[in-house]
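Report on the following structure.
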Amino acid sequence: MPSTQKNRIFSAMQPTGSLHIGNYLGALKNWVDLQNSGGYNCIFGIVDYHAMTIDYDPRDMPKHITDLAIDYLSAGLDPDKSTIMVQSHVPEHTELAWIFNCITPMPELERMTQYKDKSRSNKTNPNVGLFSYPVLMAADILLYKADTVPVGEDQTQHVEFSRIIARKFNNRFAKIFPEPRTLLTKSARLSSLADPAKKMSKSLGEKHYIALTDTPAEIKKKISSAVTDTGPSKRVELSSTSEDPERGAKRRVEGKMSRGTKNLFDMLEVVSPLGTHKELMDEYKKGTLKYSDLKSTLADAIINHLKPIQEKRKELEHDHDKIAQILIQGAEHCQKIADKTMEEVRNKVGIR
Ligand code: AQP
């Protein structure tokens, strides 16, 4: 079992279907690296209560939970080094969320961009759970007194909210919670392949993302149809261009790269062998890069990167007993920490 002396990490994903490469490169891969650094005491959650805030079929939930645990393990999370748990297995998550609800000013939640986006696209069910999603997330993190939260960029506002709640609780009752900080990766915001102005999301539809389970043929097809040029208004600063005065005069003068192209380079940087990204970026700066070359190099690199993950997934797919055992162990470990935190919290808020 993981040591209790180190800084604690908590992060989680919702069991809402297959993971995409945005979830993986933006968060999960980083979790594996942080776990393997040995510098942290890691807890990684499968947040099923959060997954209930959007329309879902209850019959799918158990499978989605098992699938997400399999994704975690296939990507390299190791139950001997990290704790893997299901949120609803430790009911104190919702108890603490209720207490936090009672110190959360409504305007703090009204300004949350994820709520605005999701309630717009979830018109049939704009529920209170979706509204107070960040409160439950603050409870997830603070129940374990985690100080480090590795997530994608879309979650930074929620982690910032957790800091506010920790501070409010500490000022109002007693100083018992750390103020957690966000940890981002280089690919903290991958864009949709078909509409690079949007975040890569599975709810946008299949052509917008690469699923971790996609076949090589599917990956090639999706990358080859990825949008690269989106017009001058949608260009983003390419900071590295200004550091390289010898190359790519035309593009360097613009100093900008389309979001779609940057998205492909962002993925390439993480999944390709050392040197490949620089080589193609140099060509881009010189103005000699063929997008078809960038795309085929990237597709091959993604296929190679995902291969061992997909092989591990096949091994684990039928071993449901092993998965269940890992989740039971995770719940037992987390329950002990949760009991301790909640005893302190109940005392301080006066509900002994
Ligand atoms: N496009 C992304 N780039 C980088 N990181 C991302 N994350 C999500 N999308 C990207 C990070 O993945 C983790 C899992 O978050 P989640 O379970 O809340 O999933 P999500 O953000 O709801 O994923 P989708 O695909 O966008 O789902 P739908 O479409 O169903 O809402 C988080 O750390 C998140 O930052």
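Some points to look at:
- Some residue of region 136-159 being of a type in the set (Phe, Trp, Tyr), in a helix (DSSP H, G or I) and away from the ligand (no atom under 13 Å from the Cβ): no
- Any chance LYS168 is basic (Lys, Arg) and at pLDDT 95 or above: yes
- Looking only at region 181-195, and only at residues there that are more than 11 Å from the ligand (Cβ to nearest atom) and in a loop (DSSP other than H, G, I, E, B), the one that is nearest to GLN114 (Cα to Cα): ASP195
- Options THR66, THR83; residue that is crowded, with 20+ Cβ neighbours inside 10 Å and either over 19 Å from VAL149 (Cα atoms) or more than 16 Å from the ligand (Cβ to nearest atom) (or both): THR83
- Matching option when the condition is touching a Pro at 6+ places or on another chain (Cβ under 7 Å) and modelled with pLDDT under 95, among SER3, SER119: SER119
- Any hit, region 304-314, residues being assigned to a helix (DSSP H, G or I) and touching a His at 6+ places or on another chain (Cβ under 6 Å): no
The values are calculated or read from the model by the stated rules, or taken from the named source; none is laboratory data. Treat the numbers as computed from the prediction; the structure is a model and nothing was measured. All Cβ positions, even for glycine, are placed from backbone atoms using ideal geometry, and neighbour counts span all protein chains on display.
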